[in-house]
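Structure record follows, encoded as structure tokens.
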Amino acid sequence: MSDFEIGLYSFPLLLVLIFLRMPIGLAMFAVGFLGLDMVTGGMLVALSKLKSETYSTFSSYSLSIVPMFLLMGHFATLGGMSQALFKAAESFLGHRKGGVAMAAIGACAGFGAICGSSLATAATMSQVALPELRRYGYSGGFATATLAAGGTLGILIPPSVILVIYAILTEQNIAKLFMAAFVPGILAALGYILTISIYVRLHPESAGTRPPMPLAERFRALIDVWPVMLVFLAVVGGIYLGFFTPTEGAAVGAFGTGLIAWVNGGLRGKAWAQSFYATAKSTAMIFFIVLGAGFYNGFLAQTRVPQELSEWVVHQGFGAWTVLIIILVLYLVMGCIMDSLSMILLTVPIFFPIISVLDFGLTPEELAIWFGIIILIVVEVGLITPPVGMNLFVINSMDRETPISQTYSAVMYFVASDIVRVALLVIFPGITLFMLRIFH
Amino acid sequence: MTLARIMAILGGLVLTALILLTVVSVIGRTFNGILHWEWLETLAPGGTKALLDAGIGPVLGDFELVEAGIAFTIFAFLPLTQITGSHATVDVFTSALPVTANRVLIAFWEVIFAIAMVVIAWRLYDGMLGKMRYNETTFLLQFPVWWAYAASFGAAAVAAIVTIYTALARMVELASARAILPDTGEAGH
Amino acid sequence: QDVTLKMHYFLPEQAIVPKMALKVWSDKVEAESNGRIKIQHFPSMQLGGTPPQLAEQVVDGVADIVWTLPGYTPGRFPSSEVFELPFIASDPEATSQAFYEYAEENMLETELAGMHLLAAWVHGPGVIHSKEPIQTIEDLNGVKLRAPTRVTNEYFGELGATPIGMPVPAVPEALSKGVIDATVLPWEVTTSLKIAELVNNHTEFPDATLYVATMIFAMNEAKYESLPDDLKKVIDDNSGLAFSAFAGNVMAQGDEIGRKMAVDHGNNIIQLSPEQVEAWKAAGAPVEENWIAEMDGKGMDGAAMVQQARDLIAKYTK
Ligand code: NA
Ligand code: NA
């Protein structure tokens with residue numbers, strides 16, 4: 001078997017293992033390990049790699065934002081803050097069909113504005129919103145799907161880790177990419193809210209409702225939210241005004257919510273330990289998947305499957321738009337089994353030079369930014385497309401009562417909304433570029 | 001179970017320490033900036049100087065400490081994740097299978113996991129020896145990198161032990177058809 | 001027989017060093033071997049791991065060839081640091097040759113054990129890129145500055161700046177958010193990081209080199225030894241002193257591109273006067289003394305290392 005064939009056959013093998021209930025991170029890790037052994041003709045290379053790979057994955061400064069935000073979420077819950085937040089959101093939206101889910105999307109968008117990672121957004125917001133959604137009678141599948149989709153806003157709304165990587169790979173301006181991502185990010189949030197209203201119309205049993213509250217009561221609920229708002233503003237303001245990096249913002253946020261929870265009396269002995277346990281379980285689960293994905297993608301790069309697959313696409317002699325659509329479809333398919341950062345790292349160096357010589361009627365810089373935003377979105381769709389979607393796993397595993405098949409079927413509505421949005425952005429580049437054009 | 005909980009609390013305490021360290025560093029850096037404001041320096045030149053000399057500023061090497069600490073934290077978080085069966089899985093197909101088949105699969109993957117964790121801990125130990133041999137240090141604080149590796153290795157070793165225990169427990173569960181460990185979510189849930 | 005070599009590095013393929021040096025090298029080797037050697041490029045750490053792991057990866061055979069910076073793993077390559085001391089280097093082409101000869105004489109059996117050294121070079125002179133203009137040492141007072149190496153970090157700390165540690169890719173965001181006020185890098189690196197769009201002032205040291213960072217280009221030793229003699233010769237013919245000089249020259253060309261971007265952007269390029277440079281040099285003396293003492297502590301003759309480096313730089317500087 002050639003290296004290329006080994007790489008190619010690893011896809012179905014990985015899928016079979018995952019469907020046989022092998023833990024995702026372990027499956028990617030094992031396939032990557034064995035594949036590397038086959039490609040390099042022995043275990044030596046894989047074992048050598050493993051000497052430092054676990055440490056370097058787990059000691060990533062940018063990923064340290066994950067446990068900090070998770071802990072922040074638990075502290076917020078302990079301090080009664082998430083309940084207050086949802087009481088406020090619910091008091092304004094709860095009487096609408098699907099209102100609390102819409103509020104959750106809004107909260108995800110707000111959180112996305114301070115966090116550069118989808119997993120962190122999905123995990124933290126689930127911590128806060130999932131119990132509330134379930135309490136309001138939302139079906140497990142719908143609630144988890146809403147939060148999985150909402151989680152992608154973490155990376156669609158700047159700052160975004162993926163955009164930073166893209167900017168470095170393609171030598172583009174990070175600030176401009178962030179600016180361009182803003183409108184598509186807001187569109188994503190609006191699209192999800194629209195999806196929710198359609199979903200509850202089609203599946204009325206999947207969401208509870210109640211009569212509207214008097215206005216005075218709504219504002220009373222709003223006042224209870226001030227500690228959350230304070231922490232939130234400190235974190236958002238701090239990051240945007242340059243007092244700290246996103247990871248530092250996460251630390252400040254965790255510190256702030258911890259302090260409030262302490263003052264409120266929610267953080268004593270057992271509760272403190274419980275918040276550690278919960279943070280521990282989600283954190284280790286996420287990092288083990290990151291480790292597995294890193295190992296698997298290192299192996300895949302060595303087989304050159306992603307590189308040769310992309311080169312093949314280019315050498316078919318199609319027109320500009322056809323190539324673009326093939327690339328996007330390829331990302332969607334790869335997104336079914338690969339993690340987004342690895343996909344970007346492997347394919348952008350090959351796709352970008354090709355795209356940049358095709359004629360879409362844009363200046364080179366506009367083209368680079370537009371392409372970056374579109375693949376950012378497509379890659380993020382991969383986080384919620386079954387069968388392998390990082391956000392789906394993370395959130396589904398937080399709700400033990402809901403089988404993932406229910407999450408799968410509900411999330412397809414959000415995937416559909418994503419595909420409509422991608423189509424709009426592809427057909428009308430001006431949606432992505434108009435902020436840039438205004439400020440120039 | 002107790003061991004896994006102790007490790008999770010240990011990891012949580014380190015995480016809390018990193019959060020405090022980062023907050024102190026941010027505050028220090030902000031005040032350092034404020035103390036360099038020109039009008040403040042002209043207003044109270046001695047005062048700002050004294051405070052700056054007292055070391056008001058960011059914590060030196062805060063990035064490095066976060067990196068070293070977070071690695072330990074993740075390794076320390078693994079045992080609890082393992083023993084509670086909290087790793088992400090896809091049960092869409094297996095939920096159609098009988099309960100026994102699922103138990104067999106769970107026990108089998110747990111055994112593979114135990115092998116993987118032992119290999120991970122062993123390789124990390126080797127990695128630590130390499131860092132010792134090459135005298136690698138961090139960039140700013142220049143503490144030996146192998147210290148960080150040693151801390152992580154300690155936690156990884158515990159994770160390996162707990163994973164072996166978990167695998168054995170799952171096999172006993174399979175043989176005796178009774179639950180020892182918390183439920184991972186049985187078929188058909 | 002035919003061999004395939006995996007070349008691993010941290011920058012994207014179209015960055016200056018991969019495009020203008022590494023690709024040139026591998027194309028020539030492939031051509032001169034009549035296609036019997038094939039070199040696969042794995043840019044942007046595609047094979048996994050982080051940049052500090054590259055040195056370990058080439059020794060362990062995870063990659064066959066790597067390009068990396070010794071400075072990424074402080075303590076592992078203590079003797080290469082002598083070229084990174086303040087104001088010791090001259091132009092990159094000459095300093096690269098000096099560093100290659102120095103590495104060949106002092107490092108092969110010790111710090112480079114397990115590696116077959118293909119080439120060694122340094123980048124161009126470091127420049128201070130700052131939001132507020134920096135002319136005198138006093139201007140550094142309290143400036144939050146990201147320094148690129150262990151030694152420069154100490155230097156700027158002594159000059160009164162507040163050193164802030166972070167990886168290079170984090171620099172643009174940190175500058176735009178005000179987490180740092182200044183960064184020290186050669187012009188070449190500023191191109192891809194778009195530094196010229198983030199700051200307005202650049203401080204140059206005419207006829208002096210604030211600092212350089214060393215770089216090594218190395219192959220797994222066992223892999224090299226396993227090649228038949230004629231293929232070894234193809235590798236040898238394209239490596240060594242000549243390629244080190246070539247790469248040093250690439251760095252100088254890269255600097256011109258980066259500098260031109262800043263000029264085109266209308267930025268303020270400050271060139272210090274010879275007297276001002278003297279003051280900055282004088283401030284570097286204690287750093288050199290500390291470094292010598294530190295090497296002595298490790299059982300190495302720090303003063304002799306500095307002397308040898310200076311002599312070699314003088315030898316190659318025209
Ligand atoms: Na974001
Ligand atoms: Na997916």
*Using DSSP, restrict attention to beta bridges with both residues in chain C and report what percent are antiparallel, rounded to the nearest 5.*
55 percent
*asked:* Modelling each spin label as a point 7 Å along the Cα-to-Cβ direction, I'd like the C:Lys38/A:His315 distance in nm, to one decimal.
replied: 1.2 nm
*Per Stokes-Einstein, at 25 °C and 0.890 mPa s, what whole-number D in µm² s⁻¹ belongs to chain C, with the Kirkwood radius over Cα pairs as the hydrodynamic radius?*
122 µm²/s
*Please sort B:129-136, C:10-17 by packing, taking for each peptide the average over its residues of neighbouring beta carbons within 10 angstrom, highest first.*
C:10-17, B:129-136
*For segment C:117-198, what percent of Cα pairs sit more than 21 Å apart?*
26 percent
*Quick one: which residues, 5 or more positions from C:Ile128 or on another chain, have an amide H under 5 Å from its amide H? H modelled 1.01 Å from N in the peptide plane, none for Pro or chain starts.*
C:Thr203
*Can you check what the Kirkwood hydrodynamic radius comes to for chain A, Cα pairs only, in Å to one decimal?*
22.5 Å
_Residues A:Cys336, A:Cys108 arranged by fewest to most Cβ contacts within 10 Å_ = A:Cys336, A:Cys108
*Using the alpha-carbon atoms, what tilt in degrees (0 to 90, nearest 10) does helix A:404-427 show relative to the longest principal axis of chain A?*
70 degrees
*Among C:Ile134, C:Ile164, what is the fewest-to-most ranking by other Cβ atoms within 10 Å?*
C:Ile134, C:Ile164
*Kirkwood Rh, Cα atoms: Rg over Rh of segment B:2-176*: 1.21
_If you take each beta carbon of peptide C:140-153 and count the beta carbons of other chains within 10 angstrom, what is the mean?_
2
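Across the residues of B:1-7, average count of Cβ atoms on other protein chains within 10 Å? Could the numbers behind the result be given before it?
Numbers: counts 0, 0, 0, 2, 4, 0, 1.
Mean shielding count: 1.
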*Counting pairs of alpha carbon atoms under 8 Å apart in space and at least six apart in sequence, what relative contact order in percent does chain C give?*
26 percent
_Using a Förster distance of 56 Å, the FRET efficiency for C:Glu225-B:Phe93 (Cβ separation, nearest 0.05)_ = 0.65
*Ordered by residue, what ³J(HN,Hα) values in Hz, to whole numbers, does segment B:79-86 give under the Karplus form 6.51 cos²θ - 1.76 cosθ + 1.60, where θ = phi - 60° and Gly and Pro are x?*
x, 5, 4, 5, 6, 8, x, 8
*asked:* If amide hydrogens are placed 1.01 Å from N in the peptide plane, which non-local residues have theirs closer than 5 Å to the one on C:Leu118?
replied: C:Phe217, C:Ala218, C:Met219
*When chain C is modelled as a GNM with alpha-carbon springs shorter than 10 Å, which of C:Thr203, C:Thr152, C:Thr136 fluctuates the most?*
C:Thr136
*Where does helix A:174-202 land angle-wise versus the long Cα axis of chain A, in degrees 0 to 90, nearest 10?*
60 degrees
*asked:* Give me P(r) over segment C:1-128, computed from all C-alpha to C-alpha distances, binned every 10 Å, as integer percentages.
replied: 12, 39, 39, 10, 1, 0
*Modelled FRET efficiency - R0 45 Å, A:Met229 with C:Asp207, Cβ distances, 0.05 increments*: 0.20
*To the nearest 0.05, what FRET efficiency results for B:Glu173 and A:Leu44 with a Förster distance of 25 Å applied to their C-beta separation?*
0.10
*asked:* Given an 8 Å cut-off on Cα distances and at least 6 residues of separation, report the relative contact order of chain A as a percent.
replied: 26 percent
*What ranking, highest mean first, results for peptides A:4-12, A:393-401 when packing means the other Cβ atoms within 10 Å averaged over each residue?*
A:393-401, A:4-12
_Distance (nanometres) between label positions extended 7 Å along Cα→Cβ at A:Leu362 and B:Leu13_ = 5.3 nm
*Of the peptides A:60-66, B:70-76, how do they stack up when ordered by the mean number of other Cβ atoms within 10 Å, highest first?*
B:70-76, A:60-66
*Over segment A:94-235, what is the relative contact order in whole percent, taking alpha-carbon pairs under 8 Å and six or more residues apart?*
33 percent
_Integer Hz, Karplus 6.51/-1.76/1.60 couplings in order for segment C:212-224, x for Gly and Pro_ = 9, 10, 8, 9, 10, 10, 9, 10, 4, 5, 4, 4, 4
*How big is the shadow of the Cα convex hull of the protein assembly as shown, averaged over all directions, in nm²?*
39.6 nm²
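Considering only DSSP beta bridges where both residues belong to the protein assembly as shown, give the percentage that are antiparallel (nearest 5).
Looking only at bridges with both residues in the protein assembly as shown, the antiparallel portion is about 55 percent.
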*Mind pulling the angle between the C-alpha long axis of helix A:161-170 and the longest principal axis of chain A? Nearest 10 degrees, somewhere in 0 to 90.*
30 degrees
*Proximal charge balance of B:Pro79 [Cβ under 12 Å; K/R count +1, D/E count -1]*: +2
_Computed label-point distance, nm, for sites A:Ile427 and A:Leu13 using a 7 Å Cα→Cβ extension_ = 4.3 nm
*asked:* Quick check on the exposure proxy: order B:Ile19, B:Ile115 from fewest to most C-beta atoms within 10 angstrom.
replied: B:Ile115, B:Ile19
*Per-residue mean of other chain beta-carbon atoms within 10 angstrom of the beta-carbon, peptide A:2-14?*
0
_Cut-off 10 angstrom, C-alpha nodes, Gaussian network model of chain C. Which of C:Gly157, C:Gly75, C:Gly240 fluctuates the most?_
C:Gly75
_Can you list residues from other chains, or at least 5 along the same chain, whose modelled amide H is less than 5 Å from the amide H of C:Leu5?_
C:Lys38, C:Ile39, C:Gln40
*segment C:207-287: proportion of alpha-carbon pairs further apart than 15 angstrom, %*: 75 percent
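Since every read-out is calculated from the coordinates, none of them should be taken as a lab result. From a predicted model like this one, the values you see are computed outputs, not experimental measurements. For neighbour counting, all protein chains shown are included, and Cβ atoms are generated from backbone atoms with ideal geometry for every residue, glycine included.
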